[in-house]
1. Can you tell me how many residues within region 25-35 are touching a residue at least 40 places away in the same chain (Cβ under 8 Å) and either in a loop (DSSP other than H, G, I, E, B) or of a type in the set (Gly, Ala, Ser) (or both)?
2. Scan region 94-106 and give yes if some residue there is among the charged types (D, E, K, R) and part of a loop (DSSP other than H, G, I, E, B), otherwise no.
3. Among (1) in a loop (DSSP other than H, G, I, E, B); (2) modelled with pLDDT of 85 or more, which single condition is LYS38 missing?
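The values are calculated or read from the model by the stated rules, or taken from the named source; none is laboratory data. As the structure is a prediction and not an experimental result, all values here were calculated from the model. Neighbour counts run over all protein chains shown; Cβ positions are idealised from the backbone, glycine included.
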Amino acid sequence: MRNIAPYEARTQIGNFKYLEDLRNLSRDNRKNPTISEKIFWELLSYKKLKLKFLRQKPIGRFILDFYCSKLLLCIEIDGDSHNKKQFQDKNRDLYLEQRKIKTVRFKNEEIVNEIEKVKENLSKIISERKQELKF
């Protein structure tokens, strides 16, 4: 694998570091997903995409809704609360971008009401990301 993130951002075996306090919070989030997260998780089935995604993955001081380590791809499902958190979201995206992780955002409404369009967009995003990383 390419050396993507700085050494201080990785563990001894090469995984991204995260705050230990996030472990329990991410576990609770996995046990209590939103409706749109449930729908999206089904869409990310390994059998369909041949890629492994993790739910509620801690990286640094953040918990990513969905994360694929091979593609360095973060997918966020944003609810109404994110309308008031645009500054925090931009800072978070910048933090991830510095670690070569691309962030893609979908809105809850898109997942629930336009799942076919989301599938098409996701397929396009994955193809583009594979090309970017020469996968």
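1. If we filter region 25-35 for residues that are touching a residue at least 40 places away in the same chain (Cβ under 8 Å), which is where we start, we get 34-35.
Those still in the list that are either in a loop (DSSP other than H, G, I, E, B) or of a type in the set (Gly, Ala, Ser) (or both) too: 34.
Summing the residues that are touching a residue at least 40 places away in the same chain (Cβ under 8 Å) and either in a loop (DSSP other than H, G, I, E, B) or of a type in the set (Gly, Ala, Ser) (or both) in region 25-35 gives 1.
2. Yes, some residue in region 94-106 is among the charged types (D, E, K, R) and part of a loop (DSSP other than H, G, I, E, B).
3. Going through (1) in a loop (DSSP other than H, G, I, E, B); (2) modelled with pLDDT of 85 or more one by one, LYS38 breaks only (1).
Table: residues versus (1) touching a residue at least 60 places away in the same chain (Cβ under 8 Å); (2) closer than 25 Å to ASN24 by Cα; (3) touching a Phe, Trp or Tyr at 6+ places or on another chain (Cβ under 7 Å); (4) outside any loop (DSSP other than H, G, I, E, B).
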| residue | (1), (2), (3), (4) |
| --- | --- |
| LEU64 | no, yes, no, yes |
| ASP89 | no, yes, no, yes |
| LYS119 | yes, no, no, yes |
| LYS124 | no, no, no, yes |
| LYS130 | no, no, no, yes |
